[in-house]
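Q: The structure under discussion is supplied below as C-alpha coordinates; questions concerning it will follow.
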Amino acid sequence: MIGENKYFYIKDISAYESRRQPPHLMMWNPVYSVEVDEDVDWGQRIELSTFRLNQKDKRPASTKYSRVTAVIKEVFYSHYTLALKYIHEAIIDDGEFYLYKHSNDFFEIQYYSRDEKDKRSIQIDFREGVEYLMLTVDARPGHRYRPKFRKDAVAITDEQFRQFLNLTIQFFYDPDSMFMLLEDYIKNFKLLCAGETKIEGLIISVSKSFEEIFKQLDQRKEYIEKRLIENDADSNIDRVKLRGELEGINYAVKVINMNK
(Lines give C-alpha, C1' and ligand atoms only; values in the text may rest on other atoms or scores of the structure.)
Protein backbone atom coordinates (compact mmCIF):
# COMPACT_ATOMS: atom_id res chain seq x y z
CA MET A 1 0.00 0.00 0.00
CA ILE A 2 1.43 3.36 -1.04
CA GLY A 3 -0.16 5.66 1.53
CA GLU A 4 -1.04 9.33 1.41
CA ASN A 5 1.20 11.71 -0.51
CA LYS A 6 2.93 14.51 1.39
CA TYR A 7 4.58 17.57 -0.16
CA PHE A 8 7.73 19.39 0.96
CA TYR A 9 10.08 22.25 0.11
CA ILE A 10 13.70 21.27 0.80
CA LYS A 11 16.63 23.66 1.00
CA ASP A 12 20.19 22.47 1.51
CA ILE A 13 22.01 24.52 4.16
CA SER A 14 25.27 22.60 4.16
CA ALA A 15 28.32 24.64 5.12
CA TYR A 16 29.96 23.53 1.86
CA GLU A 17 28.30 25.62 -0.84
CA SER A 18 29.84 23.57 -3.66
CA ARG A 19 28.10 20.44 -2.35
CA ARG A 20 24.66 21.95 -1.92
CA GLN A 21 21.78 20.54 -3.89
CA PRO A 22 19.57 23.25 -5.43
CA PRO A 23 16.35 24.01 -3.51
CA HIS A 24 13.64 21.62 -4.64
CA LEU A 25 10.12 20.42 -3.98
CA MET A 26 9.16 16.83 -3.26
CA MET A 27 6.08 14.66 -3.43
CA TRP A 28 6.71 11.87 -0.91
CA ASN A 29 5.13 8.65 0.26
CA PRO A 30 6.83 5.62 1.84
CA VAL A 31 7.07 3.75 -1.48
CA TYR A 32 8.31 6.41 -3.89
CA SER A 33 9.15 10.10 -4.11
CA VAL A 34 9.30 12.67 -6.91
CA GLU A 35 11.51 15.78 -6.85
CA VAL A 36 11.55 18.91 -9.00
CA ASP A 37 14.04 21.77 -8.75
CA GLU A 38 12.58 25.08 -7.59
CA ASP A 39 14.25 27.22 -10.29
CA VAL A 40 12.38 25.74 -13.25
CA ASP A 41 13.12 28.80 -15.40
CA TRP A 42 16.83 27.93 -15.44
CA GLY A 43 16.79 24.13 -15.54
CA GLN A 44 14.24 21.37 -15.32
CA ARG A 45 15.20 18.37 -13.21
CA ILE A 46 12.54 15.79 -12.33
CA GLU A 47 13.66 12.75 -10.37
CA LEU A 48 11.78 9.63 -9.32
CA SER A 49 13.05 7.32 -6.56
CA THR A 50 11.24 4.06 -5.81
CA PHE A 51 11.77 1.46 -3.10
CA ARG A 52 11.31 -2.30 -3.52
CA LEU A 53 11.33 -5.49 -1.44
CA ASN A 54 8.85 -3.92 0.98
CA GLN A 55 11.37 -1.27 1.95
CA LYS A 56 9.98 2.06 3.12
CA ASP A 57 11.51 5.49 2.73
CA LYS A 58 11.69 7.76 5.76
CA ARG A 59 9.65 10.95 5.70
CA PRO A 60 11.89 13.97 4.99
CA ALA A 61 12.87 15.93 8.08
CA SER A 62 15.07 18.94 8.78
CA THR A 63 18.67 18.31 9.81
CA LYS A 64 21.73 20.46 10.31
CA TYR A 65 22.35 20.06 6.58
CA SER A 66 18.88 20.76 5.18
CA ARG A 67 15.65 22.59 6.01
CA VAL A 68 12.38 20.82 5.20
CA THR A 69 9.05 22.67 5.11
CA ALA A 70 5.64 21.16 4.38
CA VAL A 71 3.77 22.73 1.44
CA ILE A 72 0.39 22.16 -0.15
CA LYS A 73 -0.04 19.91 -3.17
CA GLU A 74 -0.71 22.80 -5.57
CA VAL A 75 2.63 24.48 -4.81
CA PHE A 76 4.48 21.28 -5.74
CA TYR A 77 2.39 20.80 -8.87
CA SER A 78 2.85 24.39 -10.05
CA HIS A 79 6.60 23.79 -10.32
CA TYR A 80 6.32 20.19 -11.49
CA THR A 81 3.89 20.95 -14.31
CA LEU A 82 5.94 23.90 -15.49
CA ALA A 83 9.14 21.82 -15.56
CA LEU A 84 7.39 19.09 -17.56
CA LYS A 85 5.92 21.72 -19.90
CA TYR A 86 9.37 23.16 -20.62
CA ILE A 87 10.82 19.71 -21.32
CA HIS A 88 7.85 18.84 -23.52
CA GLU A 89 8.22 22.06 -25.54
CA ALA A 90 12.03 22.01 -25.78
CA ILE A 91 13.36 22.66 -29.28
CA ILE A 92 15.52 19.71 -30.32
CA ASP A 93 17.72 20.46 -33.31
CA ASP A 94 20.01 18.14 -35.28
CA GLY A 95 22.61 18.10 -32.55
CA GLU A 96 24.25 15.09 -30.92
CA PHE A 97 22.34 12.13 -29.45
CA TYR A 98 23.83 9.34 -27.37
CA LEU A 99 23.01 6.10 -25.58
CA TYR A 100 25.50 5.30 -22.81
CA LYS A 101 25.13 1.74 -21.48
CA HIS A 102 26.99 1.37 -18.19
CA SER A 103 25.38 -2.02 -17.46
CA ASN A 104 22.17 -3.92 -18.12
CA ASP A 105 20.45 -1.79 -15.47
CA PHE A 106 22.16 1.60 -15.85
CA PHE A 107 21.64 3.74 -18.95
CA GLU A 108 22.05 7.41 -19.85
CA ILE A 109 20.30 8.95 -22.86
CA GLN A 110 21.77 12.32 -23.84
CA TYR A 111 21.07 15.19 -26.23
CA TYR A 112 23.39 18.14 -26.93
CA SER A 113 22.21 21.07 -29.04
CA ARG A 114 24.07 21.98 -32.22
CA ASP A 115 24.36 25.74 -31.57
CA GLU A 116 27.60 26.40 -29.68
CA LYS A 117 26.34 29.91 -28.78
CA ASP A 118 23.16 28.51 -27.22
CA LYS A 119 24.27 25.31 -25.55
CA ARG A 120 21.49 23.11 -24.20
CA SER A 121 21.23 19.49 -23.12
CA ILE A 122 18.62 16.95 -22.07
CA GLN A 123 19.53 13.80 -20.18
CA ILE A 124 17.52 10.74 -19.13
CA ASP A 125 19.30 8.80 -16.38
CA PHE A 126 17.91 5.31 -15.66
CA ARG A 127 19.33 3.25 -12.76
CA GLU A 128 17.62 0.07 -11.61
CA GLY A 129 18.68 -2.01 -8.62
CA VAL A 130 17.21 -4.90 -6.67
CA GLU A 131 16.08 -2.60 -3.87
CA TYR A 132 15.42 0.66 -5.74
CA LEU A 133 15.00 2.44 -9.05
CA MET A 134 16.05 6.01 -9.84
CA LEU A 135 14.92 7.82 -12.96
CA THR A 136 15.87 11.41 -13.78
CA VAL A 137 15.12 13.68 -16.71
CA ASP A 138 17.25 16.83 -16.64
CA ALA A 139 17.13 19.69 -19.15
CA ARG A 140 19.49 22.62 -18.65
CA PRO A 141 21.87 25.08 -20.35
CA GLY A 142 25.35 23.91 -21.25
CA HIS A 143 27.06 20.83 -22.66
CA ARG A 144 28.04 19.14 -19.41
CA TYR A 145 29.95 15.85 -19.78
CA ARG A 146 29.92 16.00 -23.59
CA PRO A 147 33.55 14.76 -23.96
CA LYS A 148 32.67 11.67 -21.90
CA PHE A 149 29.67 10.85 -24.08
CA ARG A 150 31.59 11.47 -27.30
CA LYS A 151 34.25 9.04 -26.12
CA ASP A 152 32.29 6.25 -24.40
CA ALA A 153 28.67 6.38 -25.59
CA VAL A 154 27.01 5.13 -28.78
CA ALA A 155 25.55 7.72 -31.13
CA ILE A 156 21.82 7.35 -31.83
CA THR A 157 19.45 9.19 -34.17
CA ASP A 158 17.24 12.10 -33.24
CA GLU A 159 14.22 9.84 -33.82
CA GLN A 160 15.52 7.31 -31.30
CA PHE A 161 16.16 10.05 -28.76
CA ARG A 162 12.64 11.42 -29.21
CA GLN A 163 11.22 7.96 -28.56
CA PHE A 164 13.05 7.79 -25.23
CA LEU A 165 11.99 11.34 -24.35
CA ASN A 166 8.35 10.88 -25.39
CA LEU A 167 8.06 7.66 -23.42
CA THR A 168 9.56 9.36 -20.34
CA ILE A 169 7.33 12.43 -20.59
CA GLN A 170 4.29 10.19 -20.85
CA PHE A 171 5.43 8.29 -17.75
CA PHE A 172 6.08 11.49 -15.78
CA TYR A 173 2.81 13.11 -16.85
CA ASP A 174 0.92 12.15 -13.68
CA PRO A 175 3.05 11.64 -10.53
CA ASP A 176 0.12 9.96 -8.79
CA SER A 177 0.07 7.20 -11.45
CA MET A 178 3.80 6.56 -11.73
CA PHE A 179 3.94 3.53 -9.49
CA MET A 180 1.21 1.77 -11.48
CA LEU A 181 2.95 2.50 -14.80
CA LEU A 182 6.48 1.76 -13.63
CA GLU A 183 6.90 -1.83 -14.82
CA ASP A 184 5.52 -1.00 -18.29
CA TYR A 185 7.88 1.96 -18.51
CA ILE A 186 10.90 -0.19 -17.54
CA LYS A 187 9.97 -2.84 -20.10
CA ASN A 188 9.53 -0.32 -22.94
CA PHE A 189 12.63 1.65 -21.99
CA LYS A 190 14.81 -1.47 -22.12
CA LEU A 191 13.28 -2.50 -25.44
CA LEU A 192 14.33 0.86 -26.86
CA CYS A 193 17.82 0.42 -25.40
CA ALA A 194 18.07 -2.97 -27.08
CA GLY A 195 16.86 -1.54 -30.39
CA GLU A 196 14.23 -4.29 -30.66
CA THR A 197 11.16 -2.14 -31.28
CA LYS A 198 9.84 1.38 -31.62
CA ILE A 199 7.73 2.77 -28.81
CA GLU A 200 5.22 5.42 -29.80
CA GLY A 201 5.00 7.60 -26.70
CA LEU A 202 1.61 9.27 -26.33
CA ILE A 203 2.33 12.92 -25.54
CA ILE A 204 -0.48 14.31 -23.41
CA SER A 205 -0.78 18.08 -23.34
CA VAL A 206 0.25 19.54 -19.99
CA SER A 207 -1.71 22.76 -20.55
CA LYS A 208 -4.93 21.28 -19.13
CA SER A 209 -3.23 20.31 -15.87
CA PHE A 210 -1.64 23.76 -15.73
CA GLU A 211 -5.07 25.41 -15.90
CA GLU A 212 -6.53 23.05 -13.31
CA ILE A 213 -3.69 23.78 -10.87
CA PHE A 214 -4.20 27.53 -11.29
CA LYS A 215 -7.91 27.13 -10.57
CA GLN A 216 -7.24 25.10 -7.42
CA LEU A 217 -4.65 27.59 -6.17
CA ASP A 218 -7.02 30.50 -6.77
CA GLN A 219 -9.85 28.79 -4.90
CA ARG A 220 -7.60 27.99 -1.94
CA LYS A 221 -6.30 31.58 -1.88
CA GLU A 222 -9.84 32.97 -1.75
CA TYR A 223 -10.73 30.60 1.09
CA ILE A 224 -7.69 31.58 3.20
CA GLU A 225 -8.18 35.31 2.64
CA LYS A 226 -11.84 35.05 3.63
CA ARG A 227 -11.00 32.98 6.71
CA LEU A 228 -8.33 35.43 7.88
CA ILE A 229 -10.84 38.28 7.63
CA GLU A 230 -13.98 36.62 9.00
CA ASN A 231 -12.81 33.96 11.49
CA ASP A 232 -11.61 35.36 14.82
CA ALA A 233 -11.59 31.94 16.50
CA ASP A 234 -8.28 30.83 14.94
CA SER A 235 -5.28 30.89 17.24
CA ASN A 236 -2.25 33.05 16.47
CA ILE A 237 -0.30 29.93 15.45
CA ASP A 238 -3.06 28.89 13.03
CA ARG A 239 -3.16 32.37 11.52
CA VAL A 240 0.61 32.37 11.03
CA LYS A 241 0.36 29.01 9.25
CA LEU A 242 -2.44 30.32 7.02
CA ARG A 243 -0.43 33.43 6.12
CA GLY A 244 2.57 31.24 5.31
CA GLU A 245 0.41 29.05 3.06
CA LEU A 246 -1.01 32.17 1.40
CA GLU A 247 2.51 33.43 0.72
CA GLY A 248 3.39 30.11 -0.94
CA ILE A 249 0.24 30.22 -3.05
CA ASN A 250 0.94 33.77 -4.20
CA TYR A 251 4.41 32.72 -5.29
CA ALA A 252 3.05 29.71 -7.18
CA VAL A 253 0.41 31.86 -8.93
CA LYS A 254 3.14 34.33 -9.90
CA VAL A 255 5.19 31.52 -11.46
CA ILE A 256 2.19 30.30 -13.45
CA ASN A 257 1.25 33.77 -14.69
CA MET A 258 4.83 34.42 -15.82
CA ASN A 259 4.83 31.28 -17.94
CA LYS A 260 1.34 31.12 -19.44
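The values are calculated or read from the model by the stated rules, or taken from the named source; none is laboratory data. Only a predicted model underlies this, so the values are computations on that prediction, with no experimental measurement involved. Glycine gets a Cβ as well: all are built from the backbone with ideal geometry, and neighbour counts include every protein chain shown.
Q: Does Tyr32 satisfy the condition of being surrounded by fewer than 15 Cβ atoms within 10 Å (Cβ to Cβ) and touching a residue at least 40 places away in the same chain (Cβ under 8 Å)?
A: Working: surrounded by fewer than 15 Cβ atoms within 10 Å (Cβ to Cβ): no; touching a residue at least 40 places away in the same chain (Cβ under 8 Å): yes.
For Tyr32, the condition - surrounded by fewer than 15 Cβ atoms within 10 Å (Cβ to Cβ) and touching a residue at least 40 places away in the same chain (Cβ under 8 Å) - is not met.
Q: Going residue by residue through region 171-188, is there one that turns out to be over 17 Å from the mean Cα position of the chain (by Cα) and in contact (Cβ under 8 Å) with a residue 12 or more places away in the chain? Show your work before the answer.
A: Kept after step one, since they are over 17 Å from the mean Cα position of the chain (by Cα), are these residues of region 171-188: 180, 183-184, 186-188.
Then keep just the ones that are in contact (Cβ under 8 Å) with a residue 12 or more places away in the chain; that gives 186, 188.
Yes, the conditions are met somewhere in region 171-188.
Q: Output yes when any residue across region 225-237 is at pLDDT below 80, assigned to a helix (DSSP H, G or I) and basic (Lys, Arg), and no when none is.
A: no
Q: Just name the residue that is surrounded by the most Cβ atoms within 10 Å (Cβ to Cβ) out of those in region 98-112 that are at pLDDT 95 or above and in contact with an Asp or Glu (Cβ under 6 Å, 6 or more places away or on another chain).
A: Tyr112
Q: Check region 120-130 and report whether any residue there is without any contact (Cβ under 8 Å) to a residue 40 or more places away in the chain and among the hydroxyl-bearing types (Ser, Thr, Tyr).
A: Yes, the conditions are met somewhere in region 120-130.
Q: A follow-up question, please. Of the residues Ser177, Ser205, which is small (Gly, Ala, Ser), at pLDDT 75 or above and closer than 29 Å to Glu89 by Cβ?
A: Just one listed residue meets the conditions, Ser177.
Conditions tested, residue by residue: (1) under 21 Å from Ile124 (Cα atoms); (2) of a type in the set (S, T, N, Q).
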| residue | (1), (2) |
| --- | --- |
| Tyr16 | no, no |
| Met26 | yes, no |
| Asp41 | yes, no |
| Asp57 | no, no |
| Ala61 | no, no |
| Lys73 | no, no |
| Ser78 | no, yes |
| Ala90 | yes, no |
| Asp93 | yes, no |
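Q: Further question on the same structure: Where in region 82-160 are the strands (runs of 3 or more DSSP E), entirely inside, with at least 2 residues that are in the same structural domain as Met26 (by TED's automatic domain parsing) and among the basic types (Lys, Arg)?
A: Fully inside region 82-160 and qualifying: 120-128.
Q: Within region 131-159, work out how many residues are surrounded by fewer than 12 Cβ atoms within 10 Å (Cβ to Cβ) and touching a residue at least 60 places away in the same chain (Cβ under 8 Å).
A: Matching residues across region 131-159 total 2.
Q: So, one more: Any chance you could count how many residues in region 44-72 are touching a strand residue (DSSP E or B) at 6+ places or on another chain (Cβ under 8 Å), surrounded by fewer than 18 Cβ atoms within 10 Å (Cβ to Cβ) and more than 18 Å from Met134 (Cβ to Cβ)?
A: 10
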